[in-house]
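This report concerns only the one structure given below.
The values are calculated or read from the model by the stated rules, or taken from the named source; none is laboratory data. Computed from a prediction, not measured in an experiment: that's the story for all the values here. Here the Cβ positions follow ideal geometry from the backbone for every residue, glycine too, while neighbour counts run over all protein chains shown.
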2 protein chains.
Amino acid sequence: MSEERASYRAAGVDLDAADAAIEAIRPHVERTRRKEVLDDIGGFGGLFRFDTRGYRRPVLVSATDGVGTKLELARQLGEHRTIGVDLVAMVVDDLVVTGAEPLFFLDYLAVGKLDPEHVEQIVAGIADGCEQAGCALVGGEIAEHPGVLPPGRYDVAGFGVGVVEERNLLGPHRVQPGDAIIAMGASGLHANGYSLARSLIEDRDLGADHGLLVQTLGEALLRPTRIYARDCLALARRGVGSVRAFCHVTGGGLPGNLPRSLPDGLGAVVDTRMGEVPRLFRLLQEWGPVTDEEMWRVFNMGIGMLAIVGDGEAAVDLLRAREVDAWLCGEVTTQPGVRLLGLG
Amino acid sequence: MSEERASYRAAGVDLDAADAAIEAIRPHVERTRRKEVLDDIGGFGGLFRFDTRGYRRPVLVSATDGVGTKLELARQLGEHRTIGVDLVAMVVDDLVVTGAEPLFFLDYLAVGKLDPEHVEQIVAGIADGCEQAGCALVGGEIAEHPGVLPPGRYDVAGFGVGVVEERNLLGPHRVQPGDAIIAMGASGLHANGYSLARSLIEDRDLGADHGLLVQTLGEALLRPTRIYARDCLALARRGVGSVRAFCHVTGGGLPGNLPRSLPDGLGAVVDTRMGEVPRLFRLLQEWGPVTDEEMWRVFNMGIGMLAIVGDGEAAVDLLRAREVDAWLCGEVTTQPGVRLLGLG
């Protein structure tokens, strides 16, 4: 008799697996803990005591993002530990462009079928990213969507909040003609352009190195995103190089994002020959083939973050001392628009 | 020649449609604006000036959630304007249980194929919800996932931040034996239990009213979630009824959520006969059939929020004056565990 009755589990939602997943992720959440965090993950919301000392007019900066179809590649390769780093990177490096210190982070994970081990891998990566960025993982949601997402498929979104004193806000309003533009090296494609990248590698062997030398194509494509938050904050807080603005190079590439960091009326010239485009991008380009313009409009081309500064040399020195691969790549101009020099 | 070259658009990502969508949602974002909001949606992050006056030890409360497979029903019925209200409700009413005032909200929208008109409907609903809750929509992400989600399919996640003075935090630590438990009427299923609900209505006509009188089954199932944030805050701030804690009745139903609002060692008894279970739930139950226990474990059964208060009558009076359907439904006990009275 009882077997005939409909139940939530029969309809595809496994509440016990959800409990198991929450237990599995608890230690990972713990290692991101900051002293301001008040409760554990059992509550309705994450509690973060905001220490107002040192702030006169604090501005809370918030951002949300996902990792796009890099997820599909992770699924193909059965490697889910690094996606969380990408997720945190996408969000916190959007916060830090304003000069904000990332405080806390939450994740939303939608799965077709809840596999606690799988969830643990993903959240462990998110905790890795939070540790790298210095923010606390204070909450999250695991949503099981039977029938909407197939088993094994998932999507993940991240949300972060940071704080900056209003008078220290960085951005276009500080940028002046003649300012130097500094490039910070990327660790790979980060989390942008994977819809195109996946179409370009369709017939390629992900297990081969294709001349990438120390890693396979699959490894190179899955490399987690470099998180620049602490480096950007170091630059901004020490006043070294007189930072005006940062530009997080994500969807739309350098020409799509740099205008967001420039005031109306000013432009920039970036010489693409000042840095070396990593071999991974050249491989993808050859396999298309894809034009230079399209490559730069879709991929970061080896530049994950830009700093617009008054003193380029001082900024490069500080970043290099922090082991960031940094170089002068351009200048702010009185001529509007972003021009890329050195394209084929 | 150029047609042979691979491009981002051919790989399924439409950047122009994204721009059109951002234009379409701008007026909706505008109507949620609060005076603390500093910039528009073009920037990397949302900026919210936090007015520290009136706070000695402010606690930032954050939550994230989705709307589960209610989305599938919305898709089936081609009605996407109300899902956003559900999304905001799920998040802000998790914030308010701590006594926090919702300040700002962000959304993450993943689509198979970006349809600007469709996106506008969804975000318009989110803006409706933010207006109802009194929080600002400060940012969002529209992620196009070609190949992962089919065209027409989407998922949406929300993220909210609120603030409460530390000494005013509500929660289990305030709850005492003998406290009254007040039920606040739900507007429908809210956004929980849809995996089961969808399996129960598989062969039913969504266009018929099935005795629901003023609406069709489809309309009843899609009714947007009642947002209790302002009502809960009114209760908490005026000190009426001596509020100890709230309980947002979501996934897991009343027996799954009420324990989260009780301290170790105490329990509660709830008499299900004190309120009337709306006909929609009875219909679903008959169609299973589903046991009473399972119904209460999955659905809100007509109770969307609980208030645990020292003075039940005063709390009910204030809520009813605010046009919330509210009634006394139970009591906090020294016997641990949550007991539901009156189940069949």
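Some points to look at:
- Some residue of the range A:96-114 being away from chain B (no Cβ under 12 Å), more than 12 Å from residue A:154 (Cα to Cα) and touching a strand residue (DSSP E or B) at 6+ places or on another chain (Cβ under 9 Å): yes
- Sole residue being among the basic types (Lys, Arg), closer than 30 Å to residue B:163 by Cα and outside any helix (DSSP H, G or I), chosen from B:230, B:226, B:237: B:226
- Residue B:74 being more than 28 Å from residue B:309 (Cα to Cα) and touching a helix residue (DSSP H, G or I) at 6+ places or on another chain (Cβ under 8 Å): yes
- Residue match in the range A:2-25 (condition: modelled with pLDDT of 90 or more, touching a Leu at 6+ places or on another chain (Cβ under 8 Å), outside any helix (DSSP H, G or I) and not small (Gly, Ala, Ser)): no
- Answer residue from the range A:288-324, given it is of a type in the set (Gly, Ala, Ser) and over 19 Å from residue A:227 (Cβ atoms) and is farthest from the other protein chains (Cβ to nearest Cβ) among those: A:314
- Matching residues, the range A:56-67, being surrounded by fewer than 24 Cβ atoms within 10 Å (Cβ to Cβ) and either more than 7 Å from every other protein chain (Cβ to nearest Cβ) or in contact with a helix residue (DSSP H, G or I) (Cβ under 6 Å, 6 or more places away or on another chain) (or both): A:56, A:57
- One residue stands out among those in the range A:68-106 that are hydroxyl-bearing (Ser, Thr, Tyr) and in a loop (DSSP other than H, G, I, E, B): the one that is surrounded by the most Cβ atoms within 10 Å (Cβ to Cβ), which is A:69.
- Matching residues in the range B:33-55 - criterion: being closer than 30 Å to residue A:143 by Cα, within 7 Å of chain A (Cβ to nearest Cβ) and touching a residue at least 24 places away in the same chain (Cβ under 8 Å): B:45, B:46, B:47, B:48
- Filtering B:191, B:220, B:245 for residues that are among the hydrophobic types (A, V, I, L, M, F, W, C), surrounded by 23 or more Cβ atoms within 10 Å (Cβ to Cβ) and closer than 25 Å to residue B:287 by Cβ leaves a single hit, B:191.
- Flag if residue A:84 is within 12 Å of chain B (Cβ to nearest Cβ) and of a type outside the set (Ser, Thr, Tyr): no
- Of the strands (runs of 3 or more DSSP E) lying entirely inside the range A:107-208, those containing at least 3 residues that are over 28 Å from residue A:276 (Cβ atoms) are A:136-144, A:154-165.
- Scanning the range B:184-225 for residues that are in contact with a Leu (Cβ under 7 Å, 6 or more places away or on another chain) and closer than 30 Å to residue B:308 by Cβ yields B:184, B:188, B:189, B:194, B:197, B:220, B:221.
- Screening A:264, A:317 for residues that are assigned to a loop (DSSP other than H, G, I, E, B) and surrounded by fewer than 17 Cβ atoms within 10 Å (Cβ to Cβ) leaves exactly one candidate, A:264.
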